[in-house]
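Have a look at the structure below before the remarks.
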Amino acid sequence: MTTASDLLVLDALHVAIAGRTIVSGLDLTVRRGRITALVGESGSGKSISALSTIGLQPAGAEVRGSARLDGEELVGLAPGPLRQVRAHRVGTVFQEPGQSLSPVMKVSAAFRDVLAVREDLRGAARVRERTRELLASVGLPDPDRTAASYPHELSGGEMQRVVIALALSGDPDLLIADEPTTALDVTVQRGILELLRRIVEERAVGVLLITHDMGVVGEIADEVVVLKDGAVVETGSVREVLGNASAPYTRELLTAVPRLAEALEHASAADGAAEEGEPVVRVEGLSVEYRRRGGAHRALDGVGMEIRPGQIHGLVGESGSGKSTWGKALAGLVPVEASTLELGGVDPRTLGRAARRAAYAQVGMVFQNPASSLNPRRTVGWSVAEPLQLEGTTSRADAARRVAAALEQVRLPASYTRRLPHELSGGQRQRVSIARALIRRPSLLVADEPTSALDVTIQAHVIEVLREAIEEARFACVFISHDLAVVGSLADHVTVLRAGRAVEQGTAREVLGSPQHEYTRALLASIPDPERRLSPR
Amino acid sequence: MIPALQRVARSLGVLLVVLALTYAIFYLAPIDPALRMCGKPCSPEDLEAARGFMGFDRPWWAQLGSFLAALVVGRTYGSGDVLVHCAAPCLGYSFQYHQDVTTLIGERFPVTVSVAIGAVVLQSALGIAAGALAARRQGGILDRVVTAVSVISASAPAFVVGLLAVVVVALRLGLLPSGGYENLADGPGPWALHLILPWATLAFLNGAVYARLVRSSMIEQLGLDYARTARAAGLPERRIDRYALRNLALPLTTLVALDLGALLGGTVITERIFGLPGLGALLLDATSTADLPVIVGTTFVGSLLIVLANLAADLARPLLDRRLAVGGRRPATPTTQETSS
């Protein structure tokens, strides 16, 4: 079945580590001038498959089957020739652009070393010229400034363009992009995806795109391979797979993608919900300034909000917009300036030490990474009960009852109290974090990107759990996210933040349905949509 | 520039504290330097006179003040017709050597410098090489050998290693002189020959720290994203090793500076074993004869060198890692232009 345009052909690729099969029988074809997406959730074996084809599998991994690049077998190739393949025929882009280059070297030094190997290019003037050419080709407006920068001086989007430029050196046939936009803001992601598409069209390279995001697949992929637990569940063109998925798992993945249309539907239904009860939070003119070397940085600048019991207020913005700072300000974790700051009708700043602590104790918090926010050596029961223990007024039996109740709120069986965090999945851990935040029956829950580290199918479930808990216990919630669709599917009110200022604020229906600000519109347009290219224009 | 000034000011503060502590300790100790000068028989009047002559009759903080003043303007001991002058920078006057401490230290300093610099060069070179090789062959024979040797050397006492070296290499095999010092001015050959054993002893004792630091940090660095990116770009492993080592420059510089500072202050045991007339030997002799000015002077110079080494390492940090630099460029906050591209 191999045709002339077939660039990379994986045939029954097996990868095992320490006797445990990670990938079992992966078949996949990347064609010239085409993008093949390898899709799966975390742990599905998608990254290790790609790394194994170019000899970068972890030490001790056993690779079997076949991976042919332009007819040449790569599996079993000696390290030396494999390095030559990587140097001259393959370019690679990874997830974290900020960590893709050595932090103590200028970008130009990375190009010097890479060009020496990949293009056999030496001599300062020629290297500088070629660096400039490559950096300009990935849409960096000032290549000389970029080349003279250290990695920490560049933004995530700029760094990812630098890494792509490095990958394009030596004019490779194959580009492997492993979650190239996952760590980036949506508006930046859009630019990178467009760049990848342009590279494919102009250079006729083949791209193996690894992603968990069906939206990204829908935006740029041509062929799709869906991987689950190391096995292929579906293969086909993007039109077939996204438009008419045959495998149940693919359909599950697709329905789990948060969609703006659904979010809007929910928002319209939620709109008009009675504004009852006294506001749990009332903030006006809230500013937060961080002092750092070389001057102060205003992370939040004169923002305000009002949330009533049972309401969810979504804070949306890209990295650095001040959304997390806002959450911390509500929990009393950063020094604030505000003309009004009331929690349950009282300004905590006017209270004495003990009373202030008690006031802020009504605020529960859930953070992004469930793996690092639970003590790995303590049982779930201990972690959930910790806030009560700190309070010190609850009896042991009472605490056990409340732990069970809190776990019940997040739909976890009471038997989980004796488990350790590593025995739970990511989604379960995050539900434990939510249970811990709820155990003191807070009047306000601040959830800071609670689902961003989770796979889409799990994200959908955690959001459902959170929504039910709010409906049941009627507490107010601040839901912080970079993802407009997620916020829209949950929140009653939305604030769009940018560089510390609220550019738009209103009910979810207003903000998402008829955005007034240009930035909100740009954000909305940047959300990757699996169906965008499927529907006729 | 302000943080640099702050660091300098902090270093001066540390020096003052060390000096004050030294004075306080010896003021509390039951020794009276004047007793030796007074001779036998010593009447209470003579003792008082000796104390006054040496400047030991005043409270310790007043003596500390004179010591500091003497650093700048010099000092004259005694009264009337018996006068001893000590020119600035005066670190005190030893009435046992009948010499000012500055000269005493100045005479011995070249010995200590020779020992310290050679030892630091040798121990960092050996330690870094051993650590890097062990990291590369993690779990292999070489790694195990390096780990085993570093455990032994880190736990071995200096006098055992030094004596063993003297007995085996110098006395039994007769390969090298067993001790003593030759001036560098008299030719580098004899100078180096006499220093090989002290250098090797110190390098063996201190090199383990380098090997362990480099081994564990290298393993960590080689697992980072940038190493994977470099590998995926087809760079040879040796180049990636260099990237990793370059990222270790910061902790290694701190370590080298600390070691250099400590060794320049004098190595008491090593100098004694190899019969080297350095600062350490001077301090040891002064302690046994209760020569207070020499003790204070050597301690002061030793702490000065450690503080200076620390200061140099501190000031070098932003040069080695630009992320620590003040006022460095930061990513531009997103602009409309970027979002619409």
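Taken together, the values in this text are just the output of simple stated rules run on the coordinates, not laboratory data. Keep in mind that what you see is a predicted model, and the values were worked out from it rather than measured. Reconstructed Cβ throughout: ideal geometry from the backbone, glycine too, with neighbour counts over all protein chains shown.
With charges set only on the Cβ (+1 for Lys and Arg, -1 for Asp and Glu), what does the dipole of the range B:116-230 come to about its Cα centre, in debye to the nearest 20?
My answer is approximately 400 debye.
Within 10 Å of each Cβ of A:74-84, how many other protein chain Cβ atoms are there on average? Please list the in-between numbers first.
On the way: counts 0, 0, 0, 0, 0, 1, 1, 0, 1, 6, 1.
The shielding value for this peptide is 1.
For a quick check of your reading of the filter: which trypsin sites (Lys or Arg not before Pro) in the range B:1-87 sit in a DSSP loop and have no more than 10 other Cβ atoms within 10 Å?
Numbers: sites: B:ARG7, B:ARG10, B:ARG36, B:ARG51, B:ARG75; in loops: none.
Answer in residue order: no site qualifies.
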*Treating the beta-carbon of each Lys and Arg as +1 and of each Asp and Glu as -1, no other charges, what is the dipole magnitude of the range A:370-440 about its Cα centre, to the nearest 20 debye?*
120
*How large is Rg over Rh for the range B:105-324, taking Rg from the Cα atoms and Rh as the Kirkwood inverse mean of 1/r across Cα pairs?*
1.04
*Measuring from label point to label point, each 7 Å out along Cα→Cβ, what is the A:GLU468 to B:VAL17 span in nm?*
5.9
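How large is the direction-averaged shadow of the alpha-carbon convex hull of the range A:276-389, in nm²? Numbers along the way, then the final one.
Working: hull surface 37.8 nm².
So the mean shadow area of the Cα hull is 9.4 nm².
For the protein assembly as shown, how big is the tail of P(r) above 45 Å, as a whole percent of Cα pairs? Don't jump to the answer; show the numbers that get you there.
Values: 180223 of 385003 pairs.
Cα-Cα pairs of the protein assembly as shown separated by over 45 Å account for 47 percent.
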*Over what distance in Å are the Cα centres of the range B:8-22 and the range B:205-225 separated?*
33
_In degrees, nearest ten, helix A:79-88 long axis to first principal axis of chain A (Cα)_ = 80
*For helix A:380-391, what angle does its Cα long axis make with the longest principal axis of chain A, in degrees from 0 to 90 and rounded to 10?*
40
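Per residue of A:90-98, count partner chain C-beta atoms within 10 Å of its C-beta, then hand back the mean as an integer. If you can, show how the numbers build up before the last one.
Details: counts 3, 3, 6, 2, 5, 1, 4, 2, 3.
Taking the mean over all residues of the peptide, I get 3.
Which ordering of A:TYR249, A:TYR290, A:TYR519 is given by a fewest-first count of other beta-carbon atoms within 10 Å?
A:TYR290, A:TYR249, A:TYR519
How large is the helix-only mean residue ellipticity at 222 nm for chain B, computed as the sum of -39500 (n - 2.57) over DSSP H runs with n ≥ 4, divided by its residue count, in deg cm²/dmol to the nearest 500?
So the calculated ellipticity at 222 nm is -23000 deg cm²/dmol.
Rounded to the nearest 5, what % of DSSP beta bridges with both residues in chain A are antiparallel?
Numbers: 45 of 81 bridges.
Percentage antiparallel, nearest 5: 55.
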_Over the Cα atoms, compute the radius of gyration (one decimal) and Dmax (the largest Cα-Cα distance, rounded to a whole number) for the range B:192-235, in Å._
17.3, 50
*Where does helix B:249-264 land angle-wise versus the long Cα axis of chain B, in degrees 0 to 90, nearest 10?*
20
*Residues in the range A:367-384 near a label at A:ALA414, defined as backbone nitrogen under 19 Å from the 7 Å Cα→Cβ point?*
A:379-384
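Could you calculate the contour length gain from A:ALA355 to A:ALA78, that is, 0.36 nm times the residue separation minus the distance between their Cα atoms, to one decimal place in nm?
On the way: separation 277, 0.36 × 277 = 99.72 nm, distance 6.84 nm.
Taking A:ALA355 through A:ALA78 to full extension adds about 92.9 nm, to one decimal.
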_Cut-off 12 Å, label 7 Å out along Cα→Cβ of A:ALA16, residues of the range A:38-74 by amide N_ = A:61-65
*Inter-label distance for A:GLU133 and B:ALA154, nm, one decimal - labels placed 7 Å from Cα along Cα-to-Cβ*: 5.1
*Among B:PHE67, B:LEU21, B:LEU305, whose Cα sits farthest toward the positive end of the charge dipole of chain B (+1 at Cβ of Lys/Arg, -1 at Cβ of Asp/Glu, about the Cα centre)?*
B:LEU305
*With point charges of +1 on the Cβ of Lys and Arg and -1 on the Cβ of Asp and Glu, referenced to the Cα centre of the protein assembly as shown, which listed residue (B:LEU104, A:GLN160, A:ALA359) lies farthest in the positive direction of the dipole?*
B:LEU104
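Rounded to the nearest 0.05, what FRET efficiency do B:LEU184 and B:ALA312 have when you use their Cβ-Cβ distance and R0 = 30 Å? Can you show the working numbers first?
Working: r = 24 Å, r/R0 = 0.79.
In this case the efficiency is close to 0.80.
Report the charge-dipole magnitude of the range A:101-171 in Debye, nearest 20, computed about the Cα centre from +1 at each Lys and Arg Cβ and -1 at each Asp and Glu Cβ. It would help to have the intermediate numbers written out before the result.
Values: 10 positive and 10 negative charges, 31 e Å.
Dipole about the Cα centre, nearest 20: 140 debye.
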*Pop the C-beta distance of B:ASP32 and B:VAL145 into the FRET formula with R0 = 51 Å and round what comes out to the nearest 0.05.*
0.40
_Alpha-carbon centroid distance for the pair the range A:108-148 / the range B:91-122, whole angstrom_ = 53
*FRET efficiency for A:GLU62 and A:ARG532, Cβ-Cβ distance as r, R0 = 35 Å, nearest 0.05?*
0.30
*How large is the helix-only mean residue ellipticity at 222 nm for chain A, computed as the sum of -39500 (n - 2.57) over DSSP H runs with n ≥ 4, divided by its residue count, in deg cm²/dmol to the nearest 500?*
-11500 deg cm²/dmol
